[in-house]
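What follows is a structure written as structure tokens; I'll ask about it next.
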Amino acid sequence: MGDKKLSTKGLKLVNYCTNFIQARLFPASCVLCGAAGHVGRDLCQACEADLPRIDPACPSCGMPLSEAEHLLCGKCLQSPPPFHHTISPYYYAPPLIQLITRFKFQHALAMTRVFSDLLARHIDTSQRKPECIIPVPLHPRRLRERGYNQSLEIARLLGKRLGIAIDYQLCQRTRYTSPQTGLAARERKRNVKNAFGLTGPCHYRHIAILDDVITTGHTVTELAGLLRKNGVEEIAVWSVARAVAD
């Protein structure tokens, strides 16, 4: 027991020293305007305040609610999605569109820290944590084309910060699909139909699906439906931003 406590203290000391050295050698700077970052973040206070927040939002799907509404949106009341809770704090609108595009298609991996930090600050850590975070998988061909899975990169930092395990091997993309961008809503739904599979039995009961951005929601809906069929009882969906039009 003593060795374990010593090991934990030692790990915390190493993390503290690493963070201190990184802060000294690589001080945070705003990815939008280049000014000094606010309290160690890669956004300055002014630029962060200008990010397009969704507030209030439907707790089920994350879509904006009018001030007159207090619970779920009408769509979720009529047809509940296969997931139970969504945290997607920002509109998929400028300047986040530009930042996410750079992150996904221009190898701007420095954005990983920005997005994981923004998302972490909207997750209530006082609530029961999911057993694991499952990043939306890319097809192997897409992974080779891009070189990395942007959702997995965010999940790695977010999981470390929140103390939640990452499982990027349970779910796989079983067929290569066209990029969702540019497709109409119905085409997007057909595009991801039966696009996912499991690599083995699922033993989780409470998980969080993580994606960088939600557009129509068909991707996370398809993946959540698969996990529900395989015994997962509670599913949260986490993303940095979401589009608001189907």
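Which of the residues spanning region 33-42 are more than 14 Å from Arg113 (Cα to Cα) and either modelled with pLDDT of 85 or more or part of a loop (DSSP other than H, G, I, E, B) (or both)?
Cys33, Gly34, Ala35
Moving on to the next point. Looking only at region 199-213, decide whether some residue is touching a Lys or Arg at 6+ places or on another chain (Cβ under 9 Å), of a type in the set (Val, Ile, Thr) and over 15 Å from Ile133 (Cα atoms).
yes
Further question on the same structure: Restricting attention to helices (runs of 4 or more DSSP H) lying wholly within region 119-218, give those where 1 or more residues are of a type in the set (Asp, Glu) and within 26 Å of Glu48 (Cα to Cα). Give the derivation first.
Working: elements: 140-146, 150-162, 185-191.
In region 119-218, 150-162 are the helices (runs of 4 or more DSSP H) which contain 1 or more residues that are of a type in the set (Asp, Glu) and within 26 Å of Glu48 (Cα to Cα).
Could you grab the pairs with beta carbons closer than 6 Å, sequence gap of 6+ or different chains, first residue in region 103-131 and of a type in the set (Phe, Trp, Tyr), second one part of a helix (DSSP H, G or I)?
Correct list of pairs: Phe103/Met111; Phe103/Gln150; Phe115/Ile154.
Among the residues of region 219-246, write down those that are modelled with pLDDT of 95 or more, aliphatic (A, V, I, L, M) and part of a loop (DSSP other than H, G, I, E, B).
Result: Val232, single match.
Something else now. Could we say that Leu158 is under 13 Å from Val240 (Cβ atoms), modelled with pLDDT under 95 and within 14 Å of the chain's Cα centre (by Cα) here?
For Leu158, the condition - under 13 Å from Val240 (Cβ atoms), modelled with pLDDT under 95 and within 14 Å of the chain's Cα centre (by Cα) - is not met.
Collect the residues in region 65-98 that are in contact with a Phe, Trp or Tyr (Cβ under 8 Å, 6 or more places away or on another chain) and either closer than 16 Å to Thr215 by Cβ or among the aromatic types (Phe, Trp, Tyr) (or both), keeping them in residue-number order.
Thr86, Ser88, Leu96
Give the residue that is surrounded by the most Cβ atoms within 10 Å (Cβ to Cβ), with candidates limited to residues of region 88-109 that are over 16 Å from the mean Cα position of the chain (by Cα) and in a loop (DSSP other than H, G, I, E, B).
Per the stated criteria, the residue is Ala108.
The values are calculated or read from the model by the stated rules, or taken from the named source; none is laboratory data. From a predicted model like this one, the values you see are computed outputs, not experimental measurements. FYI the Cβ positions are ideal-geometry reconstructions off the backbone, even for glycines, and counts take in every protein chain you see.
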